[in-house]
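Student: Please find one structure pasted underneath; my questions will follow.
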Amino acid sequence: MLTPMVAGGVVFPGLFLLSKNTLQRLPQLRWEEADAVIVSARLVSSVQAIMASTAGYIVSTSCKHIIDDQHWLSSAYTQFAVPYFIYDIYAMFLCHWHKHQVKGHGGDDGGPRALGSTWAVVRGYLHKEFLMVLHHAVMVLVCFPLSVVWRQGKGDFFLGCMLMAEVSTPFVCLGKILIQYKQQHTLLHKVNGALMLLSFLCCRVLLFPYLYWAYGRHAGLPLLAVPAAIPAHVNLGAALLLAPQLYWFFLICRGACRLFRPRGSRPPSPCQTQD
């Protein structure tokens, strides 16, 4: 178990540092540290998402029996991804910190005032990203032990499908980068927004009804009869995982409405789109 986790602990922070240093030091780029940090964090998230969704596709398509069939990638990638969620909490904080500095709220000295400013940034980060930090913490402290211990080798098909929920992440990351650089008016941003909306709907929201349908098909039950046929704690876990997806999907839909709402010939103002 330790080998995949150690590998993940090296790959994700290492890729972040490599990307950041490259963006800062290449003569053709010479980016500021804040820009390099934010883009590098989005890049690592996208790479992890591609790896996770690829592993999930391989696992889910390889398991013909949705309960008993196993694939080595299901446990290996789960262990490999644990360090990513820990790293990403810190990476998101770095992004928040640099955005705070750009807005001119950072202290220049190292005295008590700077320490107070740091705690203010930490509180602001936890307030703004509370749901995402909670999601990452649950993935590490709850979902990982359950997938390794409680499953006992069963249900690799369902785990593979859950990994494929990451398909939408690269579109989310690209959208945030385009917003960061005031590119909301471009065709790329609109196309990416449509793909983000569609992929999030299919791979995160409709994923849960699909999993219930797949189990019902396996057990010979209609979809509406599945919740009553499975343990209550499974339904509770699915509901807790689905709830934040519905909230984020609502935010995406709200942003899409603002983006595509007709406003004459003028492009939408950057301040009208969520950061």
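Student: Among the residues of the range 67-95, count how many are part of a helix (DSSP H, G or I) and in contact with a Gly (Cβ under 7 Å, 6 or more places away or on another chain).
Tutor: Going through the range 67-95 one residue at a time, the tally reaches 6.
Student: Can residue 195 be described as in a helix (DSSP H, G or I), in contact (Cβ under 8 Å) with a residue 12 or more places away in the chain and more than 14 Å from the chain's Cα centre (by Cα)?
Tutor: When the stated conditions are applied, residue 195 passes them.
Student: Before we move on, is residue 220 free of Cβ contacts under 8 Å to residues at least 60 places away in the same chain and open to solvent by less than 30 Å² (accessible area, probe 1.4 Å)? Spell out the reasoning first.
Tutor: On the way: free of Cβ contacts under 8 Å to residues at least 60 places away in the same chain: yes; open to solvent by less than 30 Å² (accessible area, probe 1.4 Å): no.
It is false that residue 220 is free of Cβ contacts under 8 Å to residues at least 60 places away in the same chain and open to solvent by less than 30 Å² (accessible area, probe 1.4 Å).
Student: Same structure again: Which fully enclosed helices (runs of 4 or more DSSP H) of the range 113-188 have 3 or more residues being over 21 Å from residue 87 (Cα atoms) and at pLDDT 90 or above?
Tutor: In the range 113-188, the matching helices (runs of 4 or more DSSP H) lie at 156-163.
Student: Among the numbered criteria (1) aliphatic (A, V, I, L, M); (2) free of Cβ contacts under 8 Å to residues at least 12 places away in the same chain; (3) buried (at least 21 other Cβ atoms within 10 Å of the Cβ), which single criterion is violated by residue 165?
Tutor: (2)
Student: If we scan the range 253-262, do we find a residue that is within 20 Å of residue 48 (Cα to Cα), open to solvent by less than 70 Å² (accessible area, probe 1.4 Å), assigned to a helix (DSSP H, G or I) and not small (Gly, Ala, Ser)?
Tutor: Quick first cut of the range 253-262, residues within 20 Å of residue 48 (Cα to Cα) only: none.
No.
Student: Take the range 1-45 and flag every residue that is basic (Lys, Arg) and part of a helix (DSSP H, G or I). I'd like the intermediate steps shown before the answer.
Tutor: At the first step, the residues of the range 1-45 found to be basic (Lys, Arg) are 20, 25, 30, 42.
Listed by number, the residues that qualify are 20, 25, 42.
Student: Just give me the residues in the range 232-246 being over 13 Å from residue 142 (Cβ atoms) and hydrophobic (A, V, I, L, M, F, W, C), in sequence order.
Tutor: Of everything in the range 232-246, those that are over 13 Å from residue 142 (Cβ atoms) and hydrophobic (A, V, I, L, M, F, W, C) turn out to be 232, 234, 238, 239, 242, 243, 246.
The values are calculated or read from the model by the stated rules, or taken from the named source; none is laboratory data. Just so it is clear, the model here is predicted, and its values are computed rather than measured. Cβ coordinates were reconstructed from backbone atoms using ideal geometry, including for glycine residues, and neighbour counts include every protein chain displayed. For accessibility, only protein heavy atoms count, side chains too; no ligands or nucleic acids. Shrake-Rupley method; radii C 1.70, N 1.55, O 1.52, S 1.80 Å.
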